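The values are calculated or read from the model by the stated rules, or taken from the named source; none is laboratory data. These numbers come from a predicted model, not from an experiment. All Cβ positions, even for glycine, are placed from backbone atoms using ideal geometry, and neighbour counts span all protein chains on display. The accessibility values were calculated without ligands, DNA or RNA, using every heavy atom of the protein model including side chains. Shrake-Rupley method; radii C 1.70, N 1.55, O 1.52, S 1.80 Å.
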Amino acid sequence: MNITILTLFPEMFEGFATNSIMKRALGKGVATLKVVNIRDYTKDKYGRTDTPPVGGGAGLIEKCQPIVDALNANKTPSSHVILMSPRGGTYNQKTAQRFAQLEDLVIICGHYEGIDERVNSYVDELVSIGDYVLTGGEIPAMAIADSVIRLLDGAISKDSLTDESFNNDLLEYPQFTEPYEYDGQTIPDILYCGNHQAIEKWRRKQSLSLTRKYRPDLFAKISLSKQDKKLLAELESDETPKWEKTALEKGKKFMKH
Ligand code: ADE
């Protein structure tokens, strides 16, 4: 997949592309990331890309010409062109999955006080990353590129993708690392029992519980299976359910503590 970012601040993407998982994924050719400086396309003799709004008002507005010329020089016939804007539909994991299917994604970053309205007619979609206003579209563009690239084959392990938050509209279950006890807090014994089915069941229960607690809006949208309802009912009781007791009993030999 090819991702092209049109921006007035290309330096902002240097750290993004040269660290951690993005660095590795781009190095492996999982995706290409091209950062284009919109200023390189301005025809203004002073190199300006913005100007005061017609009709008066605060601030400077980005002109059409540099953006549209940068876009035309860098898009392909198959490009999906998005403009980062607080006016857009709110980005989520489903949109990330949709973008990850694309061959070519072009992201335009707005900046300053706004962008000439006519730029909208050159884009396929406006995308917002949330109901708050940032100083520019660069951070939103990084959020999009990161969330899309990590979904591509070869970026990270397939297991990491199946278990993560928002898959099946549930938040991810809690994770722990050794040591068993840290500052008085211990790891749930069930994770040491060696019974993978029981561990999966416990994790599903935690996912359901966390989603209900932290994201009731998501929880309301899930269709619960019979098993899910049973697991949720178990949370209301103080007693350890039978399946968990059995798994703990049989798994005692694996427990070091
Ligand atoms: N530009 C400024 N704020 C933004 C937001 N919340 N999402 C996308 N682009 C933006």
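Of all the options 102, 71, 224, the one that moves most in a Gaussian network model of the chain with Cα springs shorter than 10 angstrom is 224.
Carbon-plus-sulfur fraction of the accessible area of the chain, 1.4 Å probe, in percent?
Values: 7710 of 15110 Å².
That fraction is 51 percent.
Stretching residue 11 away from residue 58 to a fully extended chain increases their span by 14.2 nm, per 0.36 nm per residue minus the current alpha-carbon distance.
Tell me, what is the per residue accessible area of the chain in Å², probe radius 1.4 Å? All intermediate terms of the calculation are to be shown ahead of the outcome.
Details: 15110 Å² over 257 residues.
That works out to 59 Å² per residue.
Extension gain, residue 92 to residue 34: 0.36 nm times the residue separation minus the Cα-Cα distance gives 18.6 nm.
What do the square roots of 5 times the Cα gyration tensor eigenvalues come to for the chain, in whole Å, largest first, as semi-axes of the equivalent ellipsoid? Display every interim value, and only then the final one.
Working: eigenvalues 453, 78, 50 Å².
Equivalent ellipsoid of the chain: 48, 20, 16 Å, largest first.
Label separation (residue 229 vs residue 178): 4.3 nm, computed from points 7 Å beyond Cα along the C-beta direction.
The lysines whose alpha-carbon is closer than 19 Å to the alpha-carbon of residue 230, local same-chain residues fewer than 8 away aside, are 201, 205, 213, 221, 242, 245. Label sites at residue 161 and residue 237, each approximated as a point 7 angstrom past Cα along Cα to Cβ, lie 3.9 nm apart.
What is the sum of charges around residue 26, taking Lys and Arg as +1, Asp and Glu as -1, for the other residues whose C-beta is under 15 Å from the C-beta of residue 26? List each step's numbers first, then the result.
Numbers: positive: 23, 24, 28, 34, 150; negative: 14, 146, 153.
It works out to a net charge of +2.
Taking +1 at the Cβ of each Lys and Arg and -1 at the Cβ of each Asp and Glu, which of 173, 102, 26 sits farthest along the dipole of the chain towards its positive end, judged by Cα position relative to the Cα centre? In the chain, that residue is 173.
Taking the Cβ of residue 38 as the center, what net charge do the other residues with Cβ under 9 Å away carry, scoring Lys and Arg +1 and Asp and Glu -1? Charge balance in the 9 Å sphere: -2. Modelled spin labels at residue 134 and residue 222, positioned 7 Å past Cα toward Cβ, are 2.9 nm from each other.
Dipole check for the chain: with +1 at the C-beta of Lys and Arg, -1 at the C-beta of Asp and Glu, and the Cα centre as origin, the magnitude is about 720 Debye. The GluC sites (Glu not before Pro) of the range 95-127 that DSSP puts in a loop, and whose beta carbon has at most 11 other beta carbons within 10 Å, are 103.
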